[in-house]
Amino acid sequence: MGHDIFEVSINAIKLIVVFLIIVQAVPFLVWLERRGSAFIQNRLGPNRIGPLGLMQLAADAVKFFFKEEFVPASAVKLLYYAAPVVALIPATLAFAAIPLGQPVQWNEYTFRLQGYEINVGIVFVLAVSSLAPYAILLAGWGSGNKYALMGALRASAQVISYELALGLSIVGMIMLYGTFNLSEMVLAQQAPLSYSFLGANWTAPSWLPAWGIFYQPLGAIVFFAASFAESNRLPFDLAEGEAELVAGFHVEYGGFKMLLFFIGEYGHMIVASALMVLFYFGGYTIPGISMADLNQWAAEHAPGANAASLTVGLLTLLCFFVKLALFIWLFIQVRWTLPRFRYDQLMDLGWKTMLPWALFNTILTAALVYVAHL
Amino acid sequence: MSADVFLFWFLAILTLAGGLTTVLVTNPIYSALALAFAMIGVSALFVTLNAYFLAGVQLIVYAGAVTVLFVMVLMMFDLKHEITAFTRGKFTGLVKSGTVALLAGILVGAIAMTSDLFLKISGTPEVALGGGDGTKELGKILFSKYIFGFEALGILLLIVAIGAVALARSKGGTHAKQ
Amino acid sequence: MPSSDFLQQVGLPHYLILSAILFVAGMAGVLLRRNAMVILMSVELMLNAVNLSFVAFSHYLGQMDGQVMVFFVMTIAAAEVSVGLAILVSIFKRFKEINIRFFEHLKG
């Protein structure tokens, strides 16, 4: 964790902050969702409590605290109480592995703006997201309710089916950049865009960065669609639809436990957006300015090397959050634009469409990389 | 006691608890959840052994797919009662437990008695593993020395996928009611 | 040999003993339990114990062959579980029971 007490304490605080980012981002996201969906549906949304309705979630949280705490009679108590807690774990662990900004150099310490630096970052993120079905299954079985069980089985089957397409669509990126490390992948996307094939080079104008989406458009589309299914968002949320299954696996949860489930779902949404930004849209690098230029600008205008590094770190952090907000807005837009898929259509789409396209993308990328470097 | 040693003992006790719970608890769903816990423990032990890629793959394949399948199938079965969880006859049960205990004793004793031999082999693991990033070495060796096994695994997985679908189909499968 | 040295330093014997105890626990599960699903789960536990010993040897001998073996074992175990579960689902659909004491006689 560090060499001396200063570094260890800063790292410990960083871990707590990373966890709190997810938990504290959720009220903001719920507000965004309610106002955003109202905007799309040509109505107003909550706008009475606080300026622009921002205190609505605080009021809702207070309401949740005072709700009655009940356990259904035929529930399995241990699993019923454990499920909302387990729902939080995959999203927060995955978010902790994502680099949020450039590492800050303070005297002789290097603080990474990341929960922990892992050399096999992508494998870790995929591994932790694959633990998501457990919360759903525990909730479904622990509720002792047939609707909840059916919803839970369907939702977890959906999640493990789309994990395949998710993982395969990233393999193309891994082949191109040759590393599992997330920070290295971000740094490799800052050069100006250039294609080179069998000796013929073409470099785009210098303000266009070498983002992943220009190299892997098919992979990006498959990844984006699969991440909708992973976080159980519309158009893939049949398992928690109200008209079909009476809210699915969280039908027997009320009050604060339900809030924990929603933190988990929005957490998955944040992680999916963050991964999309990281792999295909350059991560924390600002488009058009390479990191070396940015560092030089900061070194000239800031007092001392520490402040310069801190400025660059904060600027990249801001850039990352702006990109993240754009993608979360896209998630919310898609939710209210597309109708819901039926369950068999959903499974067909996952196995018969997305998996073959992801495989095709992998084979095509492998062939192009091999031929181009012959 | 340094951090590594404490980590090993902590993970070892957790994994062992998970493994023993799997075997000893009567409710099969608790068994499956304890198995998932044991697999996460084994994955963490892989991390202490510097096999990071394998730890991730263990989580994805075992804890994230195999055990989820177990739990899903158990929830679909919805077994009403557990008739006899453990083996029925007293004498055969004793013979089986005795065999297991004997094997345990032989294994642990053999390891303990030759432990100084093992301590001599501990060569220089870091150097040979390519300095921490074992994934590249793993890839190279998988595609050069073990390429036949790799391709055979691919064919095996294809056969298994077709076979599992054929077995469990309700209409037209190998075990469908005609 | 329980000395304080055994508790203070972690080496290859520690991992091997852990792997042996997990393997034996899995074997006890296969022999003593009567629920077919729990038998399958105990087999998985045995395979995991073997994986652990492979990786421990690979680490302490400095070769990657152990990790390749783990790759193979993991894949084969996943394949075996899927076929085993498909068979169990068929059996359950036919007999409505997966307790092995109903299947002790080879005919019928």
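Residue count for the range B:1-58 satisfying the condition of being part of a loop (DSSP other than H, G, I, E, B), in contact (Cβ under 8 Å) with a residue 40 or more places away in the chain and over 17 Å from the mean Cα position of the chain (by Cα): 3.
Close Cβ contacts (under 7 Å, 6 or more residues apart or on different chains) running from residues in the range C:59-74 that are facing chain B (nearest Cβ under 7 Å) and more than 18 Å from B:Glu151 (Cβ to Cβ) to residues that are of a type in the set (Asp, Glu) and assigned to a helix (DSSP H, G or I) comprise C:Met64/B:Glu137.
Just one of (1) of a type outside the set (D, E, K, R); (2) within 14 Å of the chain's Cα centre (by Cα); (3) within 7 Å of another protein chain (Cβ to nearest Cβ) fails for C:Ile39. It is (3). Just a yes or no: is a residue in the range A:56-71 at negative phi, among the basic types (Lys, Arg) and either in contact (Cβ under 8 Å) with a residue 60 or more places away in the chain or surrounded by 15 or more Cβ atoms within 10 Å (Cβ to Cβ) (or both)? The answer is yes, given that some residue of the range A:56-71 is at negative phi, among the basic types (Lys, Arg) and either in contact (Cβ under 8 Å) with a residue 60 or more places away in the chain or surrounded by 15 or more Cβ atoms within 10 Å (Cβ to Cβ) (or both).
Within the range C:83-102, residues that are closer than 22 Å to B:Phe86 by Cβ and more than 9 Å from chain B (Cβ to nearest Cβ) have Cβ atoms under 7 Å from residues that are among the small types (Gly, Ala, Ser) and crowded, with 18+ Cβ neighbours inside 10 Å in these pairs: C:Ile100/C:Ala36, counting only partners at least 6 apart in sequence or on another chain. C:Phe103 falls short on exactly one of the conditions (1) of a type outside the set (Ser, Thr, Tyr); (2) at pLDDT 90 or above; (3) surrounded by fewer than 19 Cβ atoms within 10 Å (Cβ to Cβ), and that condition is (2). A:Val159 meets all of the listed conditions (1) more than 10 Å from chain B (Cβ to nearest Cβ); (2) of a type in the set (Val, Ile, Thr); (3) within 30 Å of A:Phe70 (Cβ to Cβ) but one, namely (1).
Scanning the range A:75-104 for residues that are part of a loop (DSSP other than H, G, I, E, B) and not small (Gly, Ala, Ser) yields A:Val76, A:Ile98, A:Pro99, A:Leu100, A:Gln102, A:Pro103.
When B:Leu16, B:Leu11 are screened for being modelled with pLDDT of 90 or more, in contact with a helix residue (DSSP H, G or I) (Cβ under 6 Å, 6 or more places away or on another chain) and either charged (D, E, K, R) or surrounded by 15 or more Cβ atoms within 10 Å (Cβ to Cβ) (or both), only B:Leu11 passes.
The set of residues in the range B:52-77 being more than 7 Å from chain A (Cβ to nearest Cβ), more than 18 Å from C:Ile76 (Cβ to Cβ) and modelled with pLDDT of 90 or more consists of B:Ala55, B:Val73, B:Leu74.
Give the residues of the range A:239-266 that are of a type outside the set (Asp, Glu) and either over 27 Å from A:Glu69 (Cα atoms) or at pLDDT 80 or above (or both), sorted by residue number. Those that are of a type outside the set (Asp, Glu) and either over 27 Å from A:Glu69 (Cα atoms) or at pLDDT 80 or above (or both): A:Tyr253, A:Phe256, A:Lys257, A:Met258, A:Leu259, A:Leu260, A:Phe261, A:Phe262, A:Ile263, A:Gly264, A:Tyr266.
Conditions tested, residue by residue: (1) surrounded by 16 or more Cβ atoms within 10 Å (Cβ to Cβ); (2) more than 30 Å from B:Ala32 (Cα to Cα).
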{"position": "A:Tyr80", "(1), (2)": "yes, no"}
{"position": "A:Ala83", "(1), (2)": "yes, no"}
{"position": "A:Glu108", "(1), (2)": "no, yes"}
{"position": "A:Asn119", "(1), (2)": "yes, yes"}
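The values are calculated or read from the model by the stated rules, or taken from the named source; none is laboratory data. This one's a predicted model, so the numbers in the text were calculated from it and none came from an experiment. All Cβ positions, glycine included, derive from the backbone under ideal geometry; neighbour counts span all protein chains shown.
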